[in-house]
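Only one structure is covered here, and it is reproduced in the block below.
The values are calculated or read from the model by the stated rules, or taken from the named source; none is laboratory data. None of the values given here were measured: they were computed from a predicted structure. No Cβ is skipped: glycine too gets one built from the backbone with ideal geometry, and neighbour counts run over all protein chains shown. Heads up: the accessible areas ignore ligands, DNA and RNA and are worked out on the full protein's heavy atoms, side chains in. Shrake-Rupley method; radii C 1.70, N 1.55, O 1.52, S 1.80 Å.
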Amino acid sequence: MVTPTEHAFRPQIEGTTGTEASAFRILIVDDDPSLRRTFPHVLARPGRVFDECGTIGEAIARLEHEHYALILLDYRLPDANGLALLDWLTDHHRDEAVIIISGEDAIDAAIAALRRGADDYVRKPYHVAQLQRAVDGALHKGALEKANKLMSQRLKASERLHRYLVESSPDLIFTLDSTGRFTYVNPRVKALLGYDRSALMRRPFTTLVMPEDLDRIDGLLSQPSSLPGESFSVELRLRRYRGGPSGEGDNITVSLTGIPMLTQEDDRRVVGLYGVARDISERKRAEEIISFQAYHDQLTHLPNRVLFKDRLELAIAQAQRRTGALAVMFIDVDRFKLVNDTFGHAEGDALLRAIAARLSATLRRGDTLARLGGDEFTVLLPDINQPEDAEIIARKVLEALSPPISLSQGQFRATVSVGIALFPRDGSTAEELTRHADVAMYQVKRSGKNAYRFFDPSLNTHHRDRIALENDLRSALVRNELELYYQPQVSVVDRRIVGLEALLRWQHPVLGQIPPTTFIQVAEEVGLIGEISAWVLERACAQVAEWRQTGIEPPRMSINLSAHDFHRANIVVNITECLERHALTPGQFEIEITESIMMNDTAGVAAKLRELRAAGISVAIDDFGTGYSALAYLQKFPVSALKIDRSFVRDLEGPMTNPIISAITGIARGFELELVAEGVENEEQALALRSLGCDVMQGYLFARPAPAADAYGWLISPEQLFRSMDTGRLTEQPAGLTA
């Protein structure tokens with residue numbers, strides 16, 4: 001069989017030149033001008049012409065006057081989503097091929113697009129080669145469909161106009177007697193089947209029919225029609241004669257039209273058959289290619305998403321009738337992007353084909369392995385008696401991939417993350433089972449990869465809560481739900497506030513106050529952290545300015561920045577401009593960073609920190625000692641303070657109970673850095689820290705984080721922070737330390 005990517009057929013349209021006929025007009029519908037300019041470059045081929053627009057309305061206006069071979073359609077557009085254009089094409093009986101390009105993670109978007117007639121669905125981010133293959137396949141499929149339609153039209157026209165032009169007919173035309181033997185055959189038989197006309201006379205027609213098709217023609221020849229003039233059509237495979245002792249050869253597929261020949265008498269008896277056989281081998285081949293492309297993945301030749309869904313729905317219906325069970329496995333290749341980025345897409349394709357072959361070898365007869373796209377595979381396991389059956393196959397999958405895979409660039413050890421959903425326990429529809437298997441797979445990804453896991457309903461709840469949290473967080477800034485709390489940093493010797501740390505809180509309308517540990521990671525993952533950090537900076541500066549207007553000179557304000565903030569080139573400019581906007585001096589602010597920031601892009605981070613220090617802004621390392629502490633980093637990065645993490649302070653009972661704190665205080669003295677202890681909750685901890693030389697502290701012993709109004713009260717009357725403690729011992733000079 002011809003593979004789906006071989007010999008692309010582009011029929012020439014009557015009335016056009018060869019150059020015009022081979023041209024493909026492609027419409028790009030995307031609201032991103034840079035993508036609209038990029039697509040014609042990466043998809044350029046001889047004979048392709050590109051038009052572009054940015055909205056559904058513009059696309060419809062063009063389609064009302066132009067016809068396109070292909071539409072590259074973004075899923076999210078300013079005036080509607082891509083499904084609206086798919087509906088318009090259906091309503092207007094248009095035949096343009098459509099490839100949806102979308103950043104949607106939900107499988108429902110892809111299912112909706114494919115159900116509305118989209119030819120392919122490319123998920124962002126995508127590789128250029130993936131998009132090129134999708135475009136080539138869609139154009140190739142459209143050309144084949146046009147060729148198939150044209151061939152069918154010619155077949156019908158030939159049957160109407162040239163039925164009796166026997167001798168010059170391109171078809172095999174013959175007559176049979178009442179016993180089914182040849183009484184006439186036209187000259188076409190020599191070219192078509194390789195037989196001489198004389199060799200077939202009086203020979204049964206069935207001797208030319210392949211054994212597998214005899215049943216279809218025997219009944220028609222043995223039971224003459226009772227209705228005068230009734231004809232029949234049937235597809236058959238006929239033998240071809242190639243000479244030699246056996247006379248055997250290959251076969252062709254013909255569309256046979258048979259018309260009973262009737263007597264002229266009153267009884268109108270059937271005395272024979274008039275037949276026309278047309279060679280449709282090429283058409284059948286084109287249909288097979290179109291069918292293959294519609295239901296199979298072009299790279300691995302595995303079933304695609306559409307065929308997998310059909311088989312899964314059929315298996316569910318059968319399981320429901322038999323009260324049986326089945327399993328769906330969602331398989332994602334770990335670290336696949338590493339291969340593509342390191343060795344190129346050709347090696348990535350070779351890896352996917354090798355993985356598909358190994359996965360196929362582990363499955364039972366009757367199981368279905370499909371490729372959904374990218375590095376994602378699904379498996380249908382019907383007739384599962386118990387969950388352990390699916391577990392056995394999952395282990396086989398992991399074991400099958402344990403030997404290295406040989407690529408042209410070397411060997412690569414592939415691993416996969418496998419999620420498993422069971423019917424009927426985990427869902428009753430194909431969509432539910434596939435989605436829940438996907439959820440279980442992502443949990444494996446988060447837990448270390450190269451393993452399998454069954455779906456747990458709590459995972460679905462977690463994912464729904466996470467999505468809800470993301471949606472609410474996007475609106476939190478608009479709805480003014482974020483708030484800054486403040487916690488003082490005090491000098492126990494001088495009994496005064498030396499600093500305030502601004503701490504972000506989210507006052508959710510339903511869930512109440514949400515701490516940053518719950519939502520900051522979400523903000524980083526969905527790209528909101530930059531906007532939130534800008535809000536924190538602006539609000540903290542505004543608060544300091546408000547306090548100064550009341551006549552109070554606030555102590556230094558500390559704010560925390562995410563590692564993602566330091567990926568932005570303009571972070572230092574944003575900070576200094578915000579200070580200038582509120583007429584604040586750089587010395588009034590301190591930026592707190594984590595040790596992990598210093599591990600990422602060392603040169604770039606160090607440069608930004610030097611700019612901050614040069615501007616007069618202090619830089620403190622938060623949670624010092626919990627991450628990647630190294631003296632080398634303290635030498636490279638111009639920090640001004642260290643903050644001892646609360647985990648070291650928590651169990652502190654005496655000056656020698658925590659050597660880490662002793663080491664940190666020594667480091668601070670050696671590098672001439674300020675030192676702040678976090679999480680101080682009782683006087684014993686404060687006394688131990690003071691004995692080690694740490695004077696500035698922060699924690700519940702002095703005050704919990706509170707709104708700006710409470711912080712204003714501390715600034716007016718700082719002595720209230722020390723009322724509940726005996727500060728006599730705390731103000732004593734630690735033994736062995738000089739003033």
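What angle, in degrees between 0 and 90 and rounded to the nearest 10, separates the Cα long axis of helix 659-670 from the longest principal axis of the Cα atoms of the chain? The answer is roughly 70 degrees.
Expressed as a whole percent, the accessible surface of the stretch 12-145 that belongs to carbon and sulfur atoms is 50, based on a 1.4 Å probe. Using the Cβ-Cβ distance between V306 and E167 with R0 set to 45 Å, the FRET efficiency works out to roughly 0.45.
For the stretch 91-135, the residues whose amide N sits under 19 Å from a probe point set 7 Å from the Cα of T38 along the beta carbon direction are 99-105, 121-135. Taking each residue as 0.36 nm, the span from S158 to R203 lengthens on full extension beyond its C-alpha to C-alpha distance by 13.5 nm. Per residue, the solvent-accessible area of the stretch 303-443 (1.4 Å probe, heavy atoms of protein chains only, all protein chains present) comes to 42 Å².
Using C-alpha pairs below 8 Å separated by at least 6 residues, the relative contact order for the chain is 6 percent.
For a modelled paramagnetic label at H65, 7 Å from Cα along Cα-to-Cβ, no residue of the stretch 26-47 is in reach, as no backbone nitrogen comes under 11 Å.
Please calculate how many Å² of accessible area the stretch 33-137 carries per residue, with a 1.4 Å probe and no DNA, RNA or ligand atoms counted.
On the way: 4990 Å² over 105 residues.
In whole numbers, the stretch 33-137 has 48 Å² accessible per residue.
Computed from label points 7 Å out along Cα-Cβ, the spacing between S360 and Q264 is 6.2 nm. Amide hydrogen proximity for Q409: with H placed 1.01 Å from N in the peptide plane, no residue at 5 or more positions away or on another chain lies under 5 Å.
How much FRET efficiency would the formula 1/(1 + (r/R0)^6) give for H93 and E611, where r is the Cβ-Cβ distance and R0 is 56 Å, rounded to 0.05? Approximately 0.35, to the nearest 0.05.
For the stretch 548-607, the list of trypsin sites (Lys or Arg not before Pro) that fall in a loop by DSSP and count at most 16 other C-beta atoms within 10 angstrom reads R568.
Where a ≥ b ≥ c are the square roots of the eigenvalues of the C-alpha gyration tensor, would you call the chain rounded, which needs a/c under 1.5, or, failing that, prolate if a/b is larger than b/c, or oblate? Because a/c hits 1.5 or more and a/b exceeds b/c, the chain counts as prolate. Each peptide in 534-544, 369-379 was scored by the mean count of other Cβ atoms within 10 Å over its residues; highest first, the order is 369-379, 534-544. Could you work out how far the C-alpha centroid of the stretch 97-141 sits from that of the stretch 639-716, in angstrom? First find each Cα centre; the distance between them is then 56 Å.
Applying the criteria of a DSSP loop state and at most 16 other Cβ atoms within 10 Å to the GluC sites (Glu not before Pro) of the stretch 50-106 yields E64, E66.
Note on Q720 and L214: the model spin-label points, each 7 Å out from Cα along the C-beta direction, lie 10.5 nm apart.
The residues of the stretch 660-718 present an accessible area of 39 Å² per residue when probed at 1.4 Å with all protein chains retained.
Straight Cα distances below 17 angstrom link K445 to the aspartates and glutamates D105, D332, D334, D375, E376, D456, E525, with same-chain residues fewer than 8 positions distant left out.
Prolate is the label for the stretch 421-525, because the ratio a/c of its alpha-carbon gyration tensor axes (a ≥ b ≥ c) is 1.5 or higher and a/b is greater than b/c. Here the accessible area of the stretch 450-588 is 51 percent carbon and sulfur, with a 1.4 angstrom probe and all protein chains present.
With n ≥ 4 as the cut-off for DSSP H runs, can you work out [θ] at 222 nm for the chain, using -39500 (n - 2.57) per run divided by the number of residues, rounded to the nearest 500? Walk me through the numbers on the way to the answer.
Details: 26 runs with 305 residues, N = 739.
Computed mean residue ellipticity for the chain: -12500 deg cm²/dmol.
Annotation: amide H-H contacts under 5 Å for N450 (H modelled 1.01 Å from N, sequence separation of 5 or more, or interchain): V416, S417.
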